[in-house]
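Single-structure report; data block below.
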Amino acid sequence: MSTLELLLNGFGAAMSPENLAFALIGCVLGTLIGVLPGVGPAAGTAILIPLTFKLDPTGAIIMLCAIYYGAMYGGTITSVLLNVPGEAASVITCIDGHAMAKQGRGGTALGVAAIGSFVGGVFATIALVVVAVPLSTLALKFGPPEFFALMLVGLCLVTGLAGRSLIAGILMTVVGLMLALVGIDPVRGAPRFTFGVPDLYDGIGFIPVVMGLFGIGEILMTAEKPVREVVRTNLSKLFPEREEWGRVWASIARGTGIGFFLGLIPGVGSIIPTFMSYIAEKRLAKDPSRFGNGAIEGVAGPETANNSYANAAMVPLLTLGIPSSPTIAVLMGAFIVNGLTPGPFLFQEKPELVWAIIASFFIGNVVLLILNLPLVGLWAKILEVPYQYICAGTLLFCILGAYSINQSVFDVTVMIICGGIGYLLRKLDFPLAPLVLGIILGPQLEKSLRTSLEMSAGDYTIFFTRPITLVLLIIAVIILAVAALQLAPKEIREGGDD
Amino acid sequence: MKRGWQIATLGFIVFAGLALVIGVWGASFINARPLPLKDALGPGPGFFPMWLSILTLLLGVGLLVEVGRRSADYGEESPYPQPSPDVTRSVLPILALLALVAWKFPTFPLLERIGVGSETVRAVISTVLAAGCTLALVLMPQRYDELSDNASVLRIGAVLGLLVMAAATLEPLGFRVTAFLFTALLLPALGARNLRIIVPFVLSASLGVFYIFYHQLKVPLPIGPYDWIFKPIEAAYFFIFR
């Protein structure tokens, strides 16, 4: 069957009334999560996994994916109206989006963001349809050494792009990999670091870890300084002025491209595409001084890149089984909870399901546009809910979510401990994304490393004699070297200032 | 801040050191068994853990050196409230610890041998603890104004302490009691005062959420020993709110 036929079949499945309803519910809940300060998309998606327990796998994944990109859009609303990013990818939107809100153009900022998100999301999904089959066919030719090298590239990227200290980034990755060691050894089945505690034999579940690090950690940060101010702005005018449209479309086109290409690379988090797009818009603008004072391109470009990235990041997940960001890692966990392993085999084993999910991305993007343009005012109202209730409600859902995955209080305990650790690491500015990706990629990384060495009877040259592996390893080294070079002078400078 | 980084990094070093000594090499003092580094087919189960632990140790030392060198952005002055010897603030962490100990208490083999270890005992201990937390938190908010600088520390303590309480009471008392206590204690602790919002919120959080997730979405949540209390309340609640 051709790709188009598969996609049309997918649409047939995704357009069933119940799947449409799941996409709609997912978009509403996702936007709500994005709007609520203190709950990012990673924690939000994790918290809502129990909602999908009763659904069939297709419906469950469609709903969780809708929650994911709904949350990616919802973060924009708080950026514009509160100057508080709902999630990391909306940080850059605060600059011009909030400035626009203060000038009484909040509605326009949110409208442009919704249109940009829609265009970016739809184009990225079209591109996903085009590259998915060739990429998954290529990935089927990969052996353990290639997968090991590929995952190493992903980890190096997320480490190198993580923060102000490369050593801290690598340290967090390695600590994540170490946490993944707890439980049964993936190759020989030997128990490791279990200390006779039965709960540890299944390992440390990464969903409670994500809920703790990102959910509870963020809530503790908001509980610390709960004061926030909603800007009163005009939300009735959603579209830009006629003379602005030209600039807006150009920004949206650039944002789509930037978001898509960066989404393809495993390990590039959601922040980088938005920053790249902002920088590109500022460089290309005739009058860069407008940026920071409510330039509409400063909202259109990054917001498009954000959603384009969010949809493109599905490519490495679906074709290679490698998550790009903590949120995608949570989605991967949701696939696994539903008995599906993302990766090249999924296209062969469950084509009807994969294509239904891909078709649902199109539907989800349409739903988001329909939902967000008229409902902007309603979302703005939600921001006025006192934080105490948001905090109490979210924490309760964290407890419920962590418990219901395995009906285990142990998972709740893991979540609380990770919440405390996440709060401290956040305050100290240790990067958290490498830790989470380390936990999720750990077992696969170890398995592919050890299987490679078994293939070569312990000979390490297997990583240097296979061309794809060698190229990937060289890329990994380059990434770390570049990151080290970029960070080193800055640190010396910072040290020398004082 | 700088001190914070150093302490955190030392924490990672200790973590990696323990993992290496106990988990990989199987230190004899706790009767752990070493993980084989190699076996007939190739690298054994201990191979990856050993190299990761060593890498963590090296990175930890590297980070300590790096942090020690730079003084600019991690000056001694922290922008965040520093802990001070205030009795009220230590109440919550102590209660939280007690909750953890009590929750694990009955599983100690020695206590089981003398008959302490049944579900009832766990339920009683958790109930008493929950009541203790209630008292501590109800009394505490009146001091918020005096402690305005330390209010954020108190709020964080309240969130963490109540989370531990919730984990401790979830199975012995059931989801509804836990959710009720958790929200009813947390909202005032965070500064909510309007009873006309608090009461419906708390009821919805315990009974409403339980109804939706347990009855409608079939998510298995702990029922607890007080189901007989909730049957009539649930009936009345849904009679009023439907």
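The values are calculated or read from the model by the stated rules, or taken from the named source; none is laboratory data. Remember, predicted model here, so these are calculated numbers, not experimental data. Note that each Cβ is placed from the backbone with ideal geometry, even for glycine, and that neighbours are counted across all protein chains shown.
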task = Kindly provide the set of residues from region B:214-227 that are within 7 Å of chain A (Cβ to nearest Cβ) and more than 23 Å from the chain's Cα centre (by Cα), ordered by number.
result = B:Leu217, B:Lys218
inquiry  = Let me confirm something: among A:Gly169, A:Gly154, A:Gly160, which residue is within 10 Å of chain B (Cβ to nearest Cβ), of a type in the set (Gly, Ala, Ser) and within 21 Å of A:Ser270 (Cβ to Cβ)?
reply    = A:Gly169
request  = State whether one or more residues within region A:253-265 are under 30 Å from A:Ala380 (Cα atoms), of a type in the set (D, E, K, R) and at pLDDT 85 or above.
outcome  = yes
ask   = Which residue out of A:Val133, A:Val84 is under 30 Å from A:Tyr387 (Cα atoms), surrounded by fewer than 24 Cβ atoms within 10 Å (Cβ to Cβ) and modelled with pLDDT under 85?
value = A:Val84
ask   = Looking at (1) within 7 Å of chain B (Cβ to nearest Cβ); (2) touching a helix residue (DSSP H, G or I) at 6+ places or on another chain (Cβ under 7 Å); (3) at pLDDT 85 or above, can you tell me which one A:Cys398 breaks?
value = (1)
query = If you go through region A:434-441 one residue at a time, do you hit one that is more than 14 Å from chain B (Cβ to nearest Cβ) and not in a helix (DSSP H, G or I)?
reply = no
query = In region B:40-58, which residues are assigned to a helix (DSSP H, G or I), within 9 Å of another protein chain (Cβ to nearest Cβ) and either out of contact with any Asp or Glu (no Cβ under 6 Å at 6 or more places or on another chain) or touching a residue at least 60 places away in the same chain (Cβ under 8 Å) (or both)?
reply = B:Phe47, B:Pro49, B:Leu52, B:Ser53, B:Leu55, B:Thr56
ask   = Within region B:183-210, how many residues turn out to be more than 24 Å from the chain's Cα centre (by Cα) and assigned to a loop (DSSP other than H, G, I, E, B)?
value = 2
request  = Answer yes or no as to whether A:Gly203 is of a type outside the set (Phe, Trp, Tyr), on the phi > 0 side of the Ramachandran plot and at the interface with chain B (Cβ under 9 Å from one of its Cβ atoms).
outcome  = no
query = How many of the residues making up region A:420-446 are more than 12 Å from A:Pro326 (Cβ to Cβ) and in contact with a Phe, Trp or Tyr (Cβ under 9 Å, 6 or more places away or on another chain)?
reply = 9
ask   = Out of all the residues in region A:143-180, which are of a type in the set (S, T, N, Q) and assigned to a helix (DSSP H, G or I)?
value = A:Thr159, A:Thr173
ask   = When you go through B:Val67, B:Val61, B:Val14 one by one, which is the residue that is modelled with pLDDT under 80 and more than 7 Å from every other protein chain (Cβ to nearest Cβ)?
value = B:Val67
note = Those residues of region A:253-271 that are more than 13 Å from the chain's Cα centre (by Cα) and not hydrophobic (A, V, I, L, M, F, W, C) come to a total of 4
task = Can you work out which of the residues in region A:388-433 that are hydroxyl-bearing (Ser, Thr, Tyr), part of a helix (DSSP H, G or I) and in contact (Cβ under 8 Å) with a residue 12 or more places away in the chain is nearest to A:Gly34 (Cα to Cα)?
result = A:Thr394
